[in-house]
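Taking it in order: structure first as structure tokens, then the write-up.
The values are calculated or read from the model by the stated rules, or taken from the named source; none is laboratory data. It should be emphasised that the depicted structure is a prediction, and the values quoted were computed from it without experimental measurement. Positions of Cβ are generated from backbone atoms using ideal geometry, with glycine treated the same way; all protein chains shown enter the neighbour counts. The area values use the complete protein model at the heavy-atom level, side chains included, leaving out ligands, DNA and RNA. Shrake-Rupley method; radii C 1.70, N 1.55, O 1.52, S 1.80 Å.
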Amino acid sequence: MPSKPKLGQNFLNDPQAIDRIVSSLGDLSSRTIVEIGPGAGAITAPLAARAHHVVAIEFDHDLALQLRVRFPADRVTVVEQDVLNFDFAAAALTAGQKLVVVGNLPYYITSPILLKLAAAHASLESAVLMVQREVADRVTASPGSRDFGLLSVTVQMFGPADALFTLPPHAFTPPPDVHSTVFRWRFAPRFQELGVLEAPFLRFGRQVFAQKRKTLANNLRAAGFAPSSVAAALTQAALDPQARAEQLSIENLATLWQALSSQSGS
């Protein structure tokens, strides 16, 4: 079946890559797997053979019909739905366990899907996801690197993310204009460990990374924090006033958030 470019469909056609993705999920014999964007079923087939059950979320009506014909309902449940509307908590409750997620994410909605998975973290154990290489570089980046930023912090606050391997355009039909990277995300939120509150800390992340070329102090002042509070918080956190957000570890950012919260009384 031809792809529909407006849906961001690039079907994986590399058997070795498919095997590597499925193998990276570990023992699936007792697991319920949620596959995002199964497409023509290239990954669905080996998943159905190895997993206890597969829930395949497919937005395209024609592909959903094709998948229902191809796979028995007792092995694969095809959900014709936008993944952004999928209820992971309900699926985990039905499965009686935390879910494992796998998917070749459409490039045009990658970030919203990652945020959706982060919001559903309590229902998820891990995810193996294929995204545009540049996005994976940002997701898995370490502090001090060029790619470290808001997306890195947001994802990694919900658990470690590690790149597995990269695929060239010819591994897909039709070939995209970019390379794609598969990464693993293990859900283990760090908010309690680091002594920060989820929503305020993520909002703080958006503030400190608002303009990456600016210093932490300038970004915080631009966000409305009083200069005296910013200066005091940086001193309390033992951070260089000229530092930029990408130079700080997540632990440093958490310490700064705590200091700033105590200075501002928030």
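Before moving on, here are some points about what is shown:
- Among Ala233, Ala90, Ala122: highest mean-square fluctuation, GNM of the chain, C-alpha pairs under 10 Å: Ala90
- Restricting the stretch 214-266 to trypsin sites (Lys or Arg not before Pro) in coil, as DSSP defines it, with at most 16 other Cβ within 10 Å: Lys214
- From its DSSP helices (H runs of at least four residues, each -39,500 (n - 2.57)), the chain gives a residue-normalised ellipticity at 222 nm of -11000 deg cm²/dmol.
- For the stretch 185-237, the per residue solvent-accessible surface stands at 54 Å², with DNA, RNA and ligands left out and a 1.4 Å probe.
- Solvent-accessible area of the chain (1.4 angstrom probe, protein heavy atoms only): carbon and sulfur portion equals 53 percent.
- Within the stretch 95-184, antiparallel bridges make up roughly 60 percent of the DSSP beta bridges whose residues both belong there.
- Close Lys pairs in the chain, defined as Cα atoms under 30 Å apart and 8 or more places apart or on different chains, number 5.
- Length-normalised contact order for the stretch 128-266 - Cα pairs under 8 Å, 6+ apart - percent: 24 percent
- Excluding ligands, DNA and RNA, the accessible surface per residue across the stretch 12-163 is 41 Å² with a 1.4 Å probe.
- Antiparallel bridge percentage (DSSP; both residues within the chain; nearest 5): 45 percent
- Shown here: volume of the Cα convex hull per residue in Å³, derived from the displayed model; of the candidates [x] 150; [y] 130; [z] 119, it corresponds to [y].
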